[in-house]
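Have a look at the structure below, then the notes.
Read-outs: derived from the displayed coordinates by stated rules, not from any lab. Small disclaimer: the values here were computed from a predicted structure and weren't measured. All Cβ positions, glycine included, derive from the backbone under ideal geometry; neighbour counts span all protein chains shown.
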Amino acid sequence: MSNTKTMKTRKTQVVIIGAGPSGLLLGQLLAKQGIENIILERVSGEYVLGRIRAGVLEQGFANLVREAGVAHNMDTKGEVHEGVEIAFNDERIKVNLKELTGGDTVVIYGQVDITRDLMEARSAAGLESVYEVSNTQPHDVTGEHPYVTYEKDGKTFKIECDYIAGCDGFHGVSRQTIPKEKRVEYEKVYPFGWLGLLSETPPVNDELIYCKSDRGFALASLRSQVLSRYYLQVPLSDTVEDWSDEAFWEELKKRLPKSAAEKLITGPSIEKSIVPLRSFICEPLQYGKLFLVGDAGHIVPPTGAKGLNLAASDVAALYEILTKVYKENNTECIAQYSEICLRRIWNGVRFSWWMTNMLHDFQTTKSAFDTRIATSEARYYLSSEAGKKVIAEQYAGLPYEKVK
Ligand code: FAS
Ligand code: PHB
């Protein structure tokens, strides 16, 4: 690597690696506190916006977006949902989030939309993001003078900084920067994937329906009243090419409760993709001046709609800590980051595992006994107010822990 002494060197307070929702939201919040930051992103902005992902925002996430001053579109185009449905074949059970939690609701607004809003706000504020960089590498993260190098247009650059926020997702460089012997990784890979389809059709139902059918799991979701998002549990051996739109709609109709299937309006897919499901957590989430945020530190199966929302609570904790560092000269609080995030992450990981375990068909990978236990567990929780409250408070989002 070229000699860092001859590199074009700049300085900032916080380097953020990754311009997904974690990086962009953190950058916007830090800038609000006058904390200088530069975002480095491996791909183009268009490519980031081409990834169709989450759709359900917890109240905590929505409030953070409001605090960042980027909530106009979310609050005017997003939908507030007071409940969600879980169906056992044709039987539909409503979980009234608002009633069961004493007022909590969720906002339906796509990750793509929130990411676009954050990108536009960052650009309007004249904040620096460098896209299509390569070989991003944190250095001296346990020393006094951390810095990040990266390449762009054949040149190598160096940014000296105080802290590095690794918002670079599961396949990023940040987690790998923590020496293997200094980190513990927990992982569970599920024996199936989710085939997702986006269509410009009216949603089949006003609220989401998680379907536990004898043919396998399905989810009816939406982005707006004219944009629907559906998922089918599929074997890991399936590819998108195995699924024509017609085949997708036919299977979805068989997995939706009849009263919903009758209302299904189908149309051409504008996006279709398969995601594998895994639970993954890295401990710790901090190493010297490097912080892992969002998917860089943890991954959940999307069954509990927690992925993006756990990224938001990491952002909230790091934002609070860095504000104390720069505004109150309080560096003691840095040591709290990992523990605060991990307590909420493990709750989210457990809920996502539990919902996945209860609602999917594990076929031969689970004994007949365990399969029946999962069905009995789902029926119990959904037949009791106490059980539904357990689901509601986790789905709507557990509270964020404050930094001491
Ligand atoms: P992201 O992965 O979104 O962003 C990381 C960014 O870092 C990317 O833009 C990447 O290009 C960049 N990057 C990586 N390495 C880099 C490097 N070396 N240098 C510079 N930049 C680098 N969650 C839900 O709640 N519901 C869902 O339905 C759902 N569906 C999903 C489908 C898929 C295919 C995936 C992968 C995830 C899904 N998730 C879902 C979870 C998802 O929403 C994540 O939680 C969310 O994207 C987390 O945001 P970030 O932490 O910003 O990570
Ligand atoms: C989505 O709309 O993409 C979505 C909603 C809820 C989930 C997962 C995905 O649990």
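Which count do you get for residues in the stretch 226-262 that are within 18 Å of Gly193 (Cβ to Cβ) and either in a loop (DSSP other than H, G, I, E, B) or small (Gly, Ala, Ser) (or both)?
Residues flagged as within 18 Å of Gly193 (Cβ to Cβ) and either in a loop (DSSP other than H, G, I, E, B) or small (Gly, Ala, Ser) (or both) within the stretch 226-262 amount to 8.
List pairs: first in the stretch 190-206 and under 15 Å from Asp242 (Cα atoms), second surrounded by fewer than 22 Cβ atoms within 10 Å (Cβ to Cβ) and of a type in the set (Ser, Thr, Tyr), Cβ under 8 Å, 6+ apart or cross-chain?
Leu195/Ser273; Gly196/Ser273; Leu197/Ser269
Please go through (1) crowded, with 19+ Cβ neighbours inside 10 Å; (2) outside any helix (DSSP H, G or I) for Ile265 and return the number of the only condition it doesn't satisfy.
Among (1) crowded, with 19+ Cβ neighbours inside 10 Å; (2) outside any helix (DSSP H, G or I), Ile265 violates only (1).
From Gly60, Gly20, Gly55, Gly45, grab the single residue that is in contact with a Pro (Cβ under 8 Å, 6 or more places away or on another chain), in contact (Cβ under 8 Å) with a residue 24 or more places away in the chain and under 30 Å from Gln176 (Cα atoms).
Answer to the check: Gly60.
Can you name the residue in the stretch 354-364 that is within 27 Å of the chain's Cα centre (by Cα), in a helix (DSSP H, G or I) and touching a residue at least 60 places away in the same chain (Cβ under 8 Å) and is also nearest to Tyr210 (Cα to Cα) among such residues?
From the stretch 354-364, those within 27 Å of the chain's Cα centre (by Cα) are 354-362; that's our starting set.
Now drop any that are not in a helix (DSSP H, G or I), which leaves 354-359.
Applying the additional criterion that residues be touching a residue at least 60 places away in the same chain (Cβ under 8 Å) yields 355-356, 358-359.
Numbers: Met355: 10, Thr356: 10, Met358: 11, Leu359: 8 Å.
Checking each candidate, the answer is Leu359.
Mind listing just one residue for me: the one in the stretch 232-250 that is within 29 Å of Val107 (Cβ to Cβ) and free of Cβ contacts under 8 Å to residues at least 40 places away in the same chain and, of those, nearest to ligand 2 (Cβ to nearest atom)?
Among those residues, the one meeting the criterion is Leu232.
Say whether the condition of being in contact with a Pro (Cβ under 6 Å, 6 or more places away or on another chain), assigned to a helix (DSSP H, G or I) and within 11 Å of ligand 1 (Cβ to nearest atom) is met by at least one residue in the stretch 176-189. Let's see the steps before the verdict.
Narrowing the stretch 176-189 to residues in contact with a Pro (Cβ under 6 Å, 6 or more places away or on another chain): 177.
Still in the list and also assigned to a helix (DSSP H, G or I): 177.
Among the residues that remain, those that are also within 11 Å of ligand 1 (Cβ to nearest atom) are: 177.
Yes, the conditions are met somewhere in the stretch 176-189.
Suppose the filter is at negative phi and more than 13 Å from ligand 1 (Cβ to nearest atom); does Val173 pass it?
No; evaluated as a whole, the condition is false for this residue.
Of all residues being within 16 Å of ligand 2 (Cβ to nearest atom) and in a helix (DSSP H, G or I) in the stretch 11-57, which is surrounded by the most Cβ atoms within 10 Å (Cβ to Cβ)? Just the residue, please.
Residue satisfying both the conditions and the ranking: Pro21.
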